[in-house]
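Asks: Take this structure, written in C-alpha cells, and hold onto it; I'll ask about it next.
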Amino acid sequence: MNPKRQKAKDRRRARMLAEQAWEAANQGNLDLAEKIIRRAVGTQEDNPVLWNDQGVILGLRHKDDEAAKSFAAALSLAPTYADPYAHLAMLRMRQGCVEEALALQTQAVRCAPQNVPYAEKLQAYQAVAGRLPLQSVAPAVTTVDTTEAPADDSGADWPQRLETLEWHALANRLTRDGCAVIAGLVDAPTCERFCGMFDDDLLFSKTVVMDRPEFGRGVYRYFGPPIPDVVDHLRRAAYPHVARIANEWQRMLGDSERFPEEWEGFRDQCHRAGQTTPTPILLKYGPGGFNAVHRDVRGAVFFPIQMAVVLSPRAAPDDADAQGFEGGEFLFCDSPEGRKARRQKVTLGLGDTVLFCTRDRLVRTGGVVGLQPVKHGAAPITAGTRFVLGVPFHEYR
C-alpha cells in the first residue's frame, strides 16, 4: 500500500481504538480500556494525544510509573501540549510531590493560557503548597467551610483533594453518559472508617432491612442529624463542583433557574420546602444482595447529581485466595428499558466513586437538548460483602 495511504489508515484505526478505549473506561472496564489504548498507541506511536490518553487510563489503574512515562512520551513528541503537563501534575500531587506538581501545572498554564480550569488548578496547588491563602483560591474551594473540623481524620482535606480532579473531563462524561467514575477518590483507611460506622446505632435515624425481589436485598442505614463530620465535609466539598455542572445543564436546557454555589444555600432551599431530613446513607450487601434499578423521585426539591463511594475491596479475578466482594456492579440505564435504551454496567472497587444523574440525563435530539429519565441500581453480589456510602445532595421530608 502507498505509504501515505497506510499512514492515513493507521491514523483512522488509532482514533477508532482510542474511542473504544474511552468507552470502556467510562463503563468502568479499565482493564479492557488499557488493552485497547495500548493497541492504539502501537498503531500510531508518533501521536502525542494517544500517549496522553494512555497515561490517563494507566493513572486510573494506579499504574503511576507507566502513566508518567506515557505523559513524558507525549511531551517528547509535542513539548507545548498542555494536557500531559496537567495530568502529570495531578499525578505528582497525588504522590505528595507538591513542588514538582506546581512546576508542571505552571507549564500547562503557559502552554494553554486561555484554559481557565488549568489556571484554577494552579491556584489550588499553590494553596496546598502554602503559596496562597485558601481564600484566594477559586470559588470551588473557598465555598467549603472546614474551620470547625478537627485537624485529623475528619475529612478537612476534601476541598484540596477534590480540587485536583479533572472536573472538565468529569463534566463531559456526566453530560454525555449520565455517570462518571472517579477512581480511588477515598483512601483505604477512610473507607475502613466508614465501614466501622455501620454498627454504631447512635449514628443512624432509620434502618431498612430490604428483602424484596422487586426492590432489592440488603441493609440500608440512614444517618441522623448531625451526620458525621467526615461525611458532611465530603458532601460540602463536592457540591460546588457538581453545582457548576448542574448549572451548565440548566443553561443548555434553557432554564433560567440556577443552583446555589454553596451547599448551605441549597440546603436552605430544601428546608424552605420542608425537606430537613439528611439523605446520606450506608448500604451493606452480602452474597445475593442487590439493589433493583430504580428512579429517585422523592422530594419536590432535588439535586440532579448524586454520589456513591464503594467502601469494600473487590476480589482480584486472578487470585483465588484474594479477599473482597465479587459482582455488585453499578447499574445505570434509561427508563423505560426499550430496545434502544442505553444501559451501563460499571465495575467499581475500593475507594472508587461514581457520580450519576438522579432522575434524568441530558440527550440531544435534532439540535435540541432534552431530558431522558434514568434509573440506577447494583447487580447481585456473588461473593463477599460490599459496603457503599450514598451521598445525595438534597434532603428529604
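The values are calculated or read from the model by the stated rules, or taken from the named source; none is laboratory data. These numbers come from a predicted model, not from an experiment. When we count neighbours, we look across all protein chains shown, and the Cβ atoms used for this are built from the backbone with ideal geometry, even at glycine. To get the accessible areas, we keep the full protein, side chains included, count just its heavy atoms, and leave off ligands, DNA and RNA. Shrake-Rupley method; radii C 1.70, N 1.55, O 1.52, S 1.80 Å.
Asks: With all protein chains present, how much of the accessible area of the stretch 1-133 (probe radius 1.4 Å) comes from carbon and sulfur, to the nearest whole percent? Numbers along the way, then the final one.
Replies: Working: 3530 of 6910 Å².
That share works out to 51 percent.
Asks: Using modelled backbone amide H atoms (1.01 Å from N, in-plane), which distant-in-sequence or interchain residues come within less than 5 Å of Gly349's amide H?
Replies: Result for Gly349 returns nothing.
Asks: So, in Å, what gap is there between the alpha-carbon centers of the stretch 191-218 and the stretch 223-254?
Replies: Distance between centres, Cα-based: 22 Å.
Asks: Using volume of the Cα convex hull per residue in Å³ as the read-out, say which of [x] 171; [y] 184; [z] 138 was calculated from these coordinates.
Replies: Identified label for the calculated read-out: [x].
Asks: Please identify every one of the GluC sites (Glu not before Pro) in the stretch 184-293 that sits in a loop by DSSP and has no more than 15 other beta carbons within 10 Å of its own beta carbon.
Replies: Glu214, Glu257
Asks: Using a cut-off of 19 Å between alpha-carbon atoms, which aspartates and glutamates can reach Lys206, once sequence neighbours fewer than 8 places away in the same chain are excluded?
Replies: Asp229, Asp232, Asp296, Glu395
Asks: Follow-up question, since we're still on this one. Using the Kyte-Doolittle scale, find the helices of the chain whose mean hydropathy is at least -1.0 and whose Cα atoms extend 24 Å or more along the helix's long axis, counting only whole DSSP H runs. Don't skip to the end; give the middle numbers.
Replies: Numbers: long enough: 3-26 (34 Å, -1.72); 229-252 (35 Å, -0.65).
Correct list, ordered by number: 229-252.
Asks: What distance in nm separates the two pseudo spin-label positions at Val209 and Gln269, each 7 Å out from Cα along the beta-carbon direction?
Replies: Result for the modelled spin labels: 3.9 nm.
Asks: Let me ask something else. Is the C-alpha gyration tensor of the stretch 318-397 telling us rounded, prolate or oblate? Criteria: a/c under 1.5 is rounded; beyond that, a/b larger than b/c is prolate, otherwise oblate.
Replies: prolate
Asks: Shifting gears a bit: According to a simple spin-label model (label point 7 Å from Cα along Cα-to-Cβ), what is the distance in nm between Glu192 and Tyr396?
Replies: Modelled inter-label distance: 3.2 nm.
Asks: Something else: What lysines does Lys340 reach when the alpha-carbon gap must be under 19 Å and sequence neighbours fewer than 8 apart in one chain are set aside?
Replies: Lys375
Asks: Okay, next question. Going by amide H atoms built from the backbone, whose H comes under 5 Å of the H on Phe325, apart from near neighbours?
Replies: Arg314, Ala315, Thr385
Asks: Residue separation times 0.36 nm, minus the C-alpha to C-alpha distance between Leu253 and Leu371: what's the value? Could you put the intermediate results ahead of the total?
Replies: On the way: separation 118, 0.36 × 118 = 42.48 nm, distance 0.86 nm.
Roughly 41.6 nm would be gained on extension.
Asks: Still on this structure, I have one more. With a 10 Å radius around each residue's Cβ, average the other Cβ atoms per peptide and rank 33-46, 2-15, highest first. Walk me through the intermediate numbers first.
Replies: Details: 33-46: 18.8, 2-15: 12.4.
Ranking, from highest mean packing down: 33-46, 2-15.
Asks: For the stretch 264-397, what class follows from the C-alpha gyration tensor (a ≥ b ≥ c being the square roots of its eigenvalues): rounded when a/c is under 1.5, otherwise prolate if a/b is larger than b/c, else oblate?
Replies: On the way: a/c = 2.50, a/b = 1.39, b/c = 1.80.
Oblate, because a/c is 1.5 or more while a/b does not exceed b/c.
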